[in-house]
Amino acid sequence: MGKLRSQEAQWLIPGHRGRPRLFQNLLLLLWTLLSCSLGGSAQGPGEWTPWGSWSRCSSSCGRGVSVRSRRCIRFPEEDPCWGDSHEYRLCQLPECPPGAVPFRDIQCALYNGRPVLGTQKTYQWVPFHGAPNPCELNCLAQGHTFYHSFGRVLDGTPCSPGAQGLCVAGRCLSAGCDGVLGSGALEDRCGRCGGANDSCLFVQRVFRDAGAFAGYWNVTLIPEGARHIRVAQRSRNHLALLTGDGRYVLNGHGAVSPPGTFEAAGTRVVYIRAPGPEEKLHAAGPTSQDLLLQVLLQEPNPGVHFEFWLPRERYGPFQAQAQTLGWALRQPQPREVEPPPPDLPPAAAAPTRARTPPPDACPPCPDTRGRAHRLLHYCGSDFVFQARVLSRHRQAQETQYEVRILLIYKNHSPLRTREYVWAPGHCPCPPLAPHREYLLAVRRLVSPDGTQDRLLLPYAGYARPWSPAEDSRARLASRRCPL
């Protein structure tokens, strides 16, 4: 025990003869740690220091660039850091005064009167824009037919007169929506830089009301905040546009406006009228106030196609206002009217009347019961809701149900109180009876040309008479769908 205490004292008593051994152990520990850090097992890239501050703008007026940098910290055998060491952003200063000398001209003029090309001859230099690399300082000798490249232009030099790109480190770069040159960041349809179109909704409809008389007919309200507005129609009719205060922007009061660009609701509306019977409107937006789209009918309306993107928070008020004014948001497609059969003698007319099979002639539907079938359709559908069937219309190729939405379990876009649900075939499976309530799982089907926007109940899909038990099964299925 005494020997043990004596050894402990060697570590604790200052000035004891065991002190050199303590330093040896500490040095051994440090060497081991450094060996592990610097050994061949080091993997992966180094680490960046934080970004430095942005530099001053490269220009004193107009557009220029600002730069910031960072350093890569790594051990000798580590990979270089991933990413760039410099980042450039666009800086916008007040416009240059009239008559100001362009930045590239100033750089070429620096070589005026200086001998170049290995001789004592001097020249007056002006920019030359016909060379392959626009970010080299290519200058033309005035009064001569040759040009000379003096290396890279300074950062912030426009790539060419009137171009949006700027030269940075010898490359022509354009600024993304984030202001960073070369980032490639774009605004989504909602106006968000680098967004994924998830903060707005796409409204796309076809106005097909034929109109009972000539004159102006309301097509749709284009609410404040709408973006990427597009309207088209092909007929001798004319599109008309009004501001919220009732002032016509184009084609108002029976007068047809010439094609061109019109200012309305804080955006530019481009009106195109082709030589044939075709008209188009488009505007980037966002609109600063409501606009009303109309059509001036002179002949039956073949359809007015319109679309725009709307912020999610504005869709509810738009839907309510449109319903109040009686404008359908999802209009059923017109039914094809079959031509009447030719006049036949009474004896031959009977087979014609028997073409449409009676309701009980439909074959039995496949068995679609079971939890697996419920999960498949609940998780794979766009909408799940409780609805009451108001009416049914059977055609040769499909069946149309008008339903009233009572309770929504799942929806990928807003639903109206009344909707149309389409099912394939004259004998859909499962069939829905009028005046009964069902739990339905349906999909949204939009045709490639945008002329049809339907809620589709697939063949052998999920449609159950609604009950409290079915309600519990649906809520349980919602928790089992994969995220």
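The values are calculated or read from the model by the stated rules, or taken from the named source; none is laboratory data. What you see is a predicted model, and the numbers here were worked out from it, not measured in a lab. As a convention, Cβ positions derive from the backbone with ideal geometry for all residues, glycine included, and neighbour counts pool all protein chains shown. The area values use the complete protein model at the heavy-atom level, side chains included, leaving out ligands, DNA and RNA. Shrake-Rupley method; radii C 1.70, N 1.55, O 1.52, S 1.80 Å.
When every residue of segment 401-409 is checked against the conditions, at least one turns out to be of a type in the set (F, W, Y) and within 29 Å of Q233 (Cα to Cα). For segment 87-104, the tally of residues that are open to solvent by less than 60 Å² (accessible area, probe 1.4 Å) and part of a loop (DSSP other than H, G, I, E, B) stands at 3. When you scan segment 314-323, do you find a residue that is at pLDDT 70 or above, charged (D, E, K, R) and under 30 Å from S288 (Cβ atoms), even just one? Checked segment 314-323: at least one residue is at pLDDT 70 or above, charged (D, E, K, R) and under 30 Å from S288 (Cβ atoms).
Return yes or no: is T261 open to solvent by 30 Å² or more (accessible area, probe 1.4 Å), hydroxyl-bearing (S, T, Y), touching a strand residue (DSSP E or B) at 6+ places or on another chain (Cβ under 7 Å) and closer than 26 Å to C190 by Cα? Yes; evaluated as a whole, the condition is true for this residue.
Residue count for segment 165-198 under the criterion of being part of a strand (DSSP E or B), open to solvent by 20 Å² or more (accessible area, probe 1.4 Å) and touching a Cys at 6+ places or on another chain (Cβ under 9 Å): the result is 5. In summary, G151 fulfils each of the numbered conditions (1) outside any strand (DSSP E or B); (2) over 26 Å from the mean Cα position of the chain (by Cα) with the single exception of condition (1).
Here A460 passes the criteria (1) of a type in the set (G, A, S); (2) closer than 27 Å to C200 by Cα; (3) part of a loop (DSSP other than H, G, I, E, B) except the one numbered (2). In segment 105-139, of all residues being aliphatic (A, V, I, L, M) and either open to solvent by less than 60 Å² (accessible area, probe 1.4 Å) or in contact with a Ser or Thr (Cβ under 9 Å, 6 or more places away or on another chain) (or both), the one that is nearest to C167 (Cα to Cα) corresponds to L137. Pairs only if they're at least six apart or on different chains, beta carbon under 7 angstrom, first in segment 103-114 and without any contact (Cβ under 8 Å) to a residue 12 or more places away in the chain, second surrounded by fewer than 18 Cβ atoms within 10 Å (Cβ to Cβ) and assigned to a loop (DSSP other than H, G, I, E, B); list them, first residue then second. Short answer, once both residue conditions are applied: G113/T122; R114/T122. Would you point out the residue of segment 59-74, among those that are of a type in the set (S, T, N, Q) and out of contact with any His (no Cβ under 8 Å at 6 or more places or on another chain), that is most open to solvent (accessible area, probe 1.4 Å)? In this case the residue turns out to be S60. Taking R273 as the residue in question, decide whether it is among the charged types (D, E, K, R) and surrounded by 13 or more Cβ atoms within 10 Å (Cβ to Cβ). Taking the combined requirement at face value, the residue satisfies it.
Taken over segment 155-164, residues that are buried (at least 16 other Cβ atoms within 10 Å of the Cβ) and of a type outside the set (D, E) amount to 4. Filtered by the rule that a residue be within 22 Å of C379 (Cβ to Cβ), under 36 Å from the mean Cα position of the chain (by Cα) and open to solvent by less than 20 Å² (accessible area, probe 1.4 Å), segment 429-457 gives Y438, L439, L440, A441, V442, L455, L457. Candidates in segment 205-231 are the residues that are among the basic types (K, R) and open to solvent by 50 Å² or more (accessible area, probe 1.4 Å); of these, the one that is modelled with the lowest pLDDT is R208.
G266 falls short on exactly one of the conditions (1) on the phi > 0 side of the Ramachandran plot; (2) buried (at least 20 other Cβ atoms within 10 Å of the Cβ), and that condition is (2). Inspect all residues belonging to segment 328-338 and state whether any of them is β-branched (V, I, T), out of contact with any strand residue (DSSP E or B) (no Cβ under 9 Å at 6 or more places or on another chain) and either modelled with pLDDT under 90 or in a loop (DSSP other than H, G, I, E, B) (or both). Checked segment 328-338: at least one residue is β-branched (V, I, T), out of contact with any strand residue (DSSP E or B) (no Cβ under 9 Å at 6 or more places or on another chain) and either modelled with pLDDT under 90 or in a loop (DSSP other than H, G, I, E, B) (or both).
If you go through segment 387-415 and keep only what is open to solvent by less than 40 Å² (accessible area, probe 1.4 Å) and hydrophobic (A, V, I, L, M, F, W, C), you end up with A387, V389, V403, I405, L415.
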